[in-house]
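Enquirer: I have a structure I would like to understand better, so I am pasting it below and will then ask my questions one at a time.
The values are calculated or read from the model by the stated rules, or taken from the named source; none is laboratory data. From a predicted model like this one, the values you see are computed outputs, not experimental measurements. Positions of Cβ are generated from backbone atoms using ideal geometry, with glycine treated the same way; all protein chains shown enter the neighbour counts.
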Amino acid sequence: MDDLINETDGFIEYSSKTDDLTQMQPIVQKKDFTFSRVQKNKYRVVTRIENNNIQIKKVVDFHIIQLIFEINKEFFEKIHLDIHASGDNAYLCLMLRNLFEKIGFKQQCLSLQLTKVEPSESTFIFLGKKDAETIQSYVDPKKRNGIEIIPVDKFTIIAQLQSNHVLELILDIELTETKRKITYIVEKAFGMLLKHVFLKTKRFIETLK
């Protein structure tokens, strides 16, 4: 199918500061936010949200993705979020703004099938797996050649309630294995983007009443 959007490894090049990728290495750190390399092609975000005015559990569902999009439109251009009737599954197509079009980069798009599980009353897990097929229904055929799917193979978000008002989040991201490398500069830029998105969303939720 020649008209399909191609998965690409052009997004990533890898060059670690050290040869040892078995130890977690923080790349971007700020209060209540850490972005680290766990090992080659695997990354982790750790953050927390606290709001004494609301039951924090109420924000832990797929609708928070739409909220993240609305709050961070300077980075995101378009979203398709289809939540199944059960509320436990969803499909996400998230189009990033092409901030680097002038230097030849294609527009980046995230395409994931999502599943939510609740192993306990205080733990919520969101599982995401790459979907390179469903996205074809959401992208204008005339624009497909200018779009690349971000090579996120899968990700896991663990949301742990510490109390009725405190939520700790761990996001694990696993990129598709390729022959090309990810430079430290790209890692840093990716971490800075996530920091901005997460902390802006965190600040918004923490002001809710």
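Enquirer: Just checking, how many residues over segment 160-207 are surrounded by fewer than 16 Cβ atoms within 10 Å (Cβ to Cβ), aliphatic (A, V, I, L, M) and touching a helix residue (DSSP H, G or I) at 6+ places or on another chain (Cβ under 8 Å)?
Expert: Residues in segment 160-207 being surrounded by fewer than 16 Cβ atoms within 10 Å (Cβ to Cβ), aliphatic (A, V, I, L, M) and touching a helix residue (DSSP H, G or I) at 6+ places or on another chain (Cβ under 8 Å): 1 in total.
Enquirer: Here's another thing I want to ask about it. Anything in segment 22-71 that is in a loop (DSSP other than H, G, I, E, B) and closer than 17 Å to PHE190 by Cα? List them, or say none.
Expert: Of everything in segment 22-71, those that are in a loop (DSSP other than H, G, I, E, B) and closer than 17 Å to PHE190 by Cα turn out to be MET24, LYS40, ASN41.
Enquirer: Answer with yes or no whether LYS195 is in contact (Cβ under 8 Å) with a residue 12 or more places away in the chain and in contact with a Ser or Thr (Cβ under 7 Å, 6 or more places away or on another chain).
Expert: For LYS195, the condition - in contact (Cβ under 8 Å) with a residue 12 or more places away in the chain and in contact with a Ser or Thr (Cβ under 7 Å, 6 or more places away or on another chain) - is not met.
Enquirer: Restricting attention to segment 47-67, does a residue exist that is modelled with pLDDT of 95 or more and over 25 Å from LEU161 (Cβ atoms)?
Expert: Among the residues of segment 47-67, not one is modelled with pLDDT of 95 or more and over 25 Å from LEU161 (Cβ atoms), which makes the answer no.
Enquirer: Within segment 80-95, work out how many residues are closer than 17 Å to PHE124 by Cα, without any contact (Cβ under 8 Å) to a residue 24 or more places away in the chain and either charged (D, E, K, R) or assigned to a loop (DSSP other than H, G, I, E, B) (or both).
Expert: 1
Enquirer: Is it the case that ASP20 is over 25 Å from LEU175 (Cβ atoms) and modelled with pLDDT under 90?
Expert: Spelling it out, it is not the case that ASP20 is over 25 Å from LEU175 (Cβ atoms) and modelled with pLDDT under 90.
Enquirer: Within segment 126-138, which residues are modelled with pLDDT under 90, surrounded by 14 or more Cβ atoms within 10 Å (Cβ to Cβ) and more than 19 Å from THR176 (Cβ to Cβ)?
Expert: TYR138
Enquirer: May I pose another question? Going by the structure shown, is SER111 under 20 Å from the mean Cα position of the chain (by Cα), under 20 Å from ASP172 (Cβ atoms), at pLDDT below 95 and polar (S, T, N, Q)?
Expert: yes
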